[in-house]
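Student: Here you go, one structure.
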Amino acid sequence: MTLAPHQHLADHERPPVAEEIRGVRRARTTPPWWFALPALLLFAFVVLVPSARGVHYAFTDWDGLDPSFSFVGLDNFSAMLDDPDATAAIWHTLLIAVAITVIQNGLGLLLALGVNTAIKSRNLLRVFLFAPAVITPIVTAYLWRNLLGPDGAINSLLGTIGLDGLRQDWLGSPQLALWSVIGVIVWQYAGYSMVIFLAGLQSVPKEIHEAAAIDGAGPVRRFWSVTRPLLAPAFTINLMLSIIGGLKLFDQVYALTGGGPGHATDTISTLIYKDAFTLGEFGYSIALAVVLTIIVAVASTGQYLVLSRNERAAS
């Protein structure tokens, strides 16, 4: 239809503008928010409400049984500063988290680079190295508790090959117990980190490596300048999982050493369990749990901000 210069289309005959089209598409593809309401209510009932009540109990002297308790303000938190067991547990927790993050991811990256080759046994090696990660942590802990015992397989092997001087009470020595726990955790989850790094390595285009090799870059130079920046998402995932898992660690520590000898391997999680279910100091133990939550939130948020910024810079 041809219109004269002074004629105009009626409103209902005008073609839709781009904004109207986008609005219609958004309305069709975005589900109403109230679809999530049942899940949000369940989450609030199961997680948010108990968490809020727990924070309330952290400011009381509740023993976990008596329905009557008193509000003590910040006494539970100030008591931590005078409690050498609490300060030691916080230090052990931070040390375990940092050590696991560094050692586990460094070893996982080396393993990923090793199996990301053309060797015929690469698939078998990947399965073998990842297998410990699927074992229940409690089973792993009891397995290594027997291996690291005074008469365990580790000491027996050292004696067999003539290295009796290296035989140790790995879990009974205050100097070695914490590092033995760290070694067990790294053994179990290094393969998990390997799989994430391996997925990142396989997403790197081979053409980039070939171009770098043609330009004269050696293997180390190619990894540092080409592969490492493209592994930024894998680093972000692995580091986040490692630091959070290390800060919340409980199963392996309690099964291996029970926090001992003495308090040499106590973490915040094991101390929370002991104070709550052994000593009946629920208010104090919940205060420790609040401190642990704050540490995890601060560490994970700070790490995410730094790693996401590096990831954006690398891309």
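Student: Could you work out the relative contact order of the range 61-314? I mean the mean sequence separation of Cα pairs under 8 Å and 6+ apart, divided by the number of residues, in percent. Walk me through the numbers before you get to the answer.
Tutor: Details: 305 pairs, mean separation 78.9, N = 254.
Relative contact order here is 31 percent.
Student: With θ set to phi - 60°, apply the Karplus curve 6.51 cos²θ - 1.76 cosθ + 1.60 along the range 37-48 and write out the HN-Hα couplings as whole Hz, x wherever there is a Gly or Pro.
Tutor: Coupling constants for the range 37-48: 4, x, 5, 5, 5, 5, 4, 5, 5, 8, 10, 5 Hz.
Student: Something else now. With the full set of protein chains in place, find how many percent of the accessible area of the chain is carbon and sulfur; take the probe as 1.4 Å. Please list the in-between numbers first.
Tutor: Numbers: 12850 of 19150 Å².
Of all accessible area on the chain, carbon and sulfur atoms account for 67 percent.
Student: Straight-line reach only, C-alpha to C-alpha below 21 angstrom: list the lysines that K248 could link to, leaving out same-chain residues fewer than 8 apart.
Tutor: By straight Cα distance, K248 reaches K274.
Student: For the range 157-248, with every protein chain kept in place, what is the accessible area per residue (1.4 Å probe, Å²)? Before the final figure, lay out the partial values.
Tutor: Values: 4910 Å² over 92 residues.
For the range 157-248, the solvent-accessible area averages 53 Å² per residue.
Student: So, R0 is 41 Å and r is the distance between the beta-carbons of K120 and T301; what FRET efficiency does that work out to, to 0.05?
Tutor: Working: r = 44 Å, r/R0 = 1.08.
For R0 = 41 Å, the calculated efficiency reads 0.40.
Student: Taking the Cα centre of the chain as the origin, how large is its charge dipole in debye, to the nearest 20, when only Lys and Arg (+1) and Asp and Glu (-1) carry charge on their Cβ atoms? Let's see the in-between values first.
Tutor: Working: 19 positive and 22 negative charges, 328 e Å.
With Lys and Arg at +1 and Asp and Glu at -1, about 1580 debye.
Student: Mind listing the long-range amide H neighbours of F69? Cut-off is under 5 Å, sequence gap 5 or more, other chains count too, H placed in the peptide plane at 1.01 Å from N.
Tutor: Answer set, sorted by chain and number: none.
Student: How high is the relative contact order of the range 238-315, in percent, counting Cα pairs under 8 Å that sit 6 or more residues apart?
Tutor: Values: 52 pairs, mean separation 22.6, N = 78.
Result for the range 238-315 is 29 percent.
Student: How big is the gap, in Å, between the Cα center of the range 118-147 and the Cα center of the range 294-312?
Tutor: Here the answer is 29 Å between Cα centres.
Student: OK, next. Where does each of 139-145, 282-288, 48-54 land if you order them by average Cβ count within 10 Å, highest first?
Tutor: Working: 139-145: 17.7, 282-288: 25.4, 48-54: 11.9.
In decreasing order of mean packing, 139-145, 282-288, 48-54 become 282-288, 139-145, 48-54.
Student: Another question, then. Quote the FRET efficiency, to the nearest 0.05, computed for I161 versus M240 with a Förster distance R0 of 35 Å and r equal to the Cβ-Cβ distance. Don't skip to the answer; put the middle values down first.
Tutor: Working: r = 40 Å, r/R0 = 1.15.
Approximately 0.30, to the nearest 0.05.
Student: Using θ = phi - 60° and the Karplus relation 6.51 cos²θ - 1.76 cosθ + 1.60, list the HN-Hα couplings for the range 128-142 in order, rounded to whole Hz, with x at every Gly or Pro.
Tutor: Rounded to whole hertz, the list is 4, 6, 7, 3, x, 5, 8, 7, 4, x, 5, 4, 4, 5, 5.
Student: Using a 7 Å offset from the Cα along the Cα-to-Cβ direction at both L65 and D83, what is the distance between the two label points in nm, to one decimal?
Tutor: About 1.9 nm, to one decimal.
Student: What is the distance in Å between the Cα centres of the range 78-107 and the range 204-252?
Tutor: Comparing the Cα centres of the range 78-107 and the range 204-252, I get a distance of 26 Å.
Student: Read phi for every residue in the range 217-225 and hand back ³J(HN,Hα) as whole Hz from Karplus 6.51 cos²θ - 1.76 cosθ + 1.60, θ = phi - 60°, with x for Gly and Pro.
Tutor: Result, ordered by residue: 6, x, x, 5, 5, 5, 5, 6, 9 Hz.
Student: Check which residues have an amide H placed less than 5 Å from T60's amide H, if you skip close sequence neighbours.
Tutor: V72
Student: Give the label of the value calculated from the structure for percent of Cα pairs over 33 Å apart, choosing from [x] 49; [y] 26; [z] 16.
Tutor: Looking at percent of Cα pairs over 33 Å apart for this model, the match is [x].
The values are calculated or read from the model by the stated rules, or taken from the named source; none is laboratory data. None of these values were measured; they are calculated from a predicted model. Methodologically, a virtual Cβ is constructed for each residue, glycine included, from the backbone with ideal geometry; neighbour enumeration extends over all protein chains shown. Please note that ligands, DNA and RNA were not included when accessible areas were found on the heavy atoms of the full protein model with its side chains. Shrake-Rupley method; radii C 1.70, N 1.55, O 1.52, S 1.80 Å.
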